[in-house]
Amino acid sequence: MSRIGRLPVAIPAGVDVKIDGSTVTVKGPKGTLTKSFNPSISIKLENGEVLVTRPNDNKENRSLHGLTRTLVSNMVTGVTEGFTKTLEINGVGYRAQKQGKDLNLTIGFSHPVIVKETDDVKLEVLPPNKIVVSGIDKQKVGQFAAEIRGKRPPEPYKGKGIRYVDEYVRRKEGKAGKGKK
């Protein structure tokens, strides 16, 4: 039995969960999330908890069991607390500015890089040079943060670029010059 899959998902006060076959809708103070799951995995609402069970021990069902439970748990967490990813910009002259709903990045190119905020994901710029990506859908927040990081990933020689706050950039030594004769 899956160790993660067999754990029930507790539903906090103020959160409404509706299960329609294999579609789960979670409504909370921050918004509403709806997701369809594989119909072979059964999802039930009992005693204020969501229980996820699998019909048998096939390899596919075993792998979907823990995944389904974790996705439902992330939906509940998203509508109550939300998710955030914080990025940091390193480099001389590198900076981020918020212009309306757009994020204007000056990251060493001949032109400014503009990233548009979506309805699902909100952007915030904190001094000095930190970008906070937040939203209720964990997958969308992570993908959006990865796309921003992909505009100028950190390079190993000077450490310049956009990186996650908790990311460690392994530094390399520069090219060794010829010795003096």
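The values are calculated or read from the model by the stated rules, or taken from the named source; none is laboratory data. Small disclaimer: the values here were computed from a predicted structure and weren't measured. Virtual Cβ from ideal backbone geometry, glycine too; neighbours counted across all protein chains shown.
Data for the structure
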| item | result |
| --- | --- |
| Any hit, the stretch 48-61, residues being surrounded by fewer than 16 Cβ atoms within 10 Å (Cβ to Cβ) and either assigned by TED's automatic domain parsing to the domain that holds I136 or among the aliphatic types (A, V, I, L, M) (or both) | no |
| Selection within the stretch 83-120 - under 17 Å from P153 (Cβ atoms), touching a Phe, Trp or Tyr at 6+ places or on another chain (Cβ under 9 Å) and β-branched (V, I, T) | T86, T106, I107, V115 |
| Per-region count, the stretch 1-24, residues free of Cβ contacts under 8 Å to residues at least 60 places away in the same chain, of a type in the set (V, I, T) and either in contact with a Gly (Cβ under 7 Å, 6 or more places away or on another chain) or surrounded by 15 or more Cβ atoms within 10 Å (Cβ to Cβ) (or both) | 3 |
| Flag if K44 is more than 21 Å from the chain's Cα centre (by Cα) and either assigned by TED's automatic domain parsing to the domain that holds D120 or surrounded by fewer than 18 Cβ atoms within 10 Å (Cβ to Cβ) (or both) | yes |
| Some residue of the stretch 54-74 being hydrophobic (A, V, I, L, M, F, W, C), under 29 Å from Y168 (Cα atoms) and outside any loop (DSSP other than H, G, I, E, B) | yes |
| Members of the stretch 85-124 found to be polar (S, T, N, Q) and surrounded by 13 or more Cβ atoms within 10 Å (Cβ to Cβ), listed by number | T86, N90, N104, T106 |
| Scan of the stretch 148-165 for residues that are of a type in the set (S, T, Y) and over 18 Å from E124 (Cα atoms), ordered by number | Y157 |
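Here's the yes/no breakdown for (1) within 30 Å of T32 (Cβ to Cβ); (2) not acidic (D, E):
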{"site": "K85", "(1), (2)": "yes, yes"}
{"site": "I89", "(1), (2)": "no, yes"}
{"site": "V92", "(1), (2)": "no, yes"}
{"site": "L103", "(1), (2)": "yes, yes"}
{"site": "S110", "(1), (2)": "no, yes"}
{"site": "D120", "(1), (2)": "yes, no"}
{"site": "K138", "(1), (2)": "yes, yes"}
{"site": "V165", "(1), (2)": "yes, yes"}
{"site": "R171", "(1), (2)": "no, yes"}
